[in-house]
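Scroll down for the structure; my scribbles are underneath it.
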Amino acid sequence: MPDRRKPAVADWFTGEGDGFRLLGTRCTACATVFFPREDVHCRNPHCAGGPLEEVPLSRRGRVWSYTDSRYRPPSPYVSSPELPWEPYALIAVELAAERLVVLGQAAPGVTVADLRVGMEVEAVPGVLHEDTETTWTIWHWRPTGVTA
């Protein structure tokens, strides 16, 4: 098992356990929040723009939509063609405070049969892929009250 943990996408999330958070940016002029983060300019067409600041996003949200993935996705997802493909659930989660929807994989063991629109889920650290040197980390969505 690799010793080194590294985010699959730099600066999109931080922390571990209860301190785990997705990271977005907020325009200081109009308060619009962006995820994935925006580091150059405000994308709100009604805003003249202002400095952008990094903000941790809400850890919990509500399922807005979901589906299962039954095919091998393109990069950055890594899968060995020699191993059988295992479908996984994708969840679109509404973060009410930020007024945005964030897509992500369901935590391992969570299937579409476990999900309902409107149910509460939380962002948790997950593993995208492991190679001989590195564990590549990502976020997963997990129904609240479920431990694993």
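We did not get these values from a lab; they are worked out from the coordinates using the rules stated. Source: prediction; values computed, not measured. Glycine gets a Cβ as well: all are built from the backbone with ideal geometry, and neighbour counts include every protein chain shown.
Assign unit charges at the C-beta atoms only (+1 for Lys and Arg, -1 for Asp and Glu), then state the dipole size of the chain relative to its Cα centre in Debye, rounded to the nearest 20.
Numbers: 15 positive and 19 negative charges, 88 e Å.
Taking the Cα centre of the chain as origin, the dipole is about 420 debye.
Note on mean projected area of the Cα convex hull in nm²: of the candidates (1) 10.1; (2) 7.8; (3) 8.8, the value calculated from this structure sits at (1).
Once backbone amide H atoms are built at 1.01 Å from N, L90 has T67, D68, S69, A106 as its partners under 5 Å, excluding neighbours fewer than 5 places away on the same chain.
Longest exposed-loop-site-free stretch of the chain, with GluC sites (Glu not before Pro), DSSP loop and at most 14 other Cβ within 10 Å? Before the final figure, lay out each step's value.
On the way: sites that count: E16, E82, E133.
It works out to 17-81.
In order along the stretch 54-69, the phi-based Karplus estimate (6.51 cos²θ - 1.76 cosθ + 1.60, θ = phi - 60°) of 3J(HN,Hα) comes to 6, 9, x, 8, 4, 6, 10, x, 10, 4, 9, 6, 7, 7, 10, 9 Hz; Gly and Pro are listed as x. Projecting the Cα positions of G19, A48, P87 onto the charge dipole of the chain (unit charges on Cβ atoms of Lys, Arg, Asp and Glu, taken about the Cα centre) puts A48 furthest along the positive direction.
Given an 8 Å cut-off on Cα distances and at least 6 residues of separation, report the relative contact order of the chain as a percent. Each step should come with its number before you reach the end.
Working: 312 pairs, mean separation 38.9, N = 148.
In percent, rounded to a whole number, it is 26.
Would you kindly state how much longer the chain becomes between T135 and A113 on full extension, computed as 0.36 nm times their sequence separation minus their alpha carbon distance, in nm to one decimal? Please report the intermediate quantities before stating the final value.
Values: separation 22, 0.36 × 22 = 7.92 nm, distance 2.85 nm.
That pair, T135 and A113, stretches by 5.1 nm at full extension.
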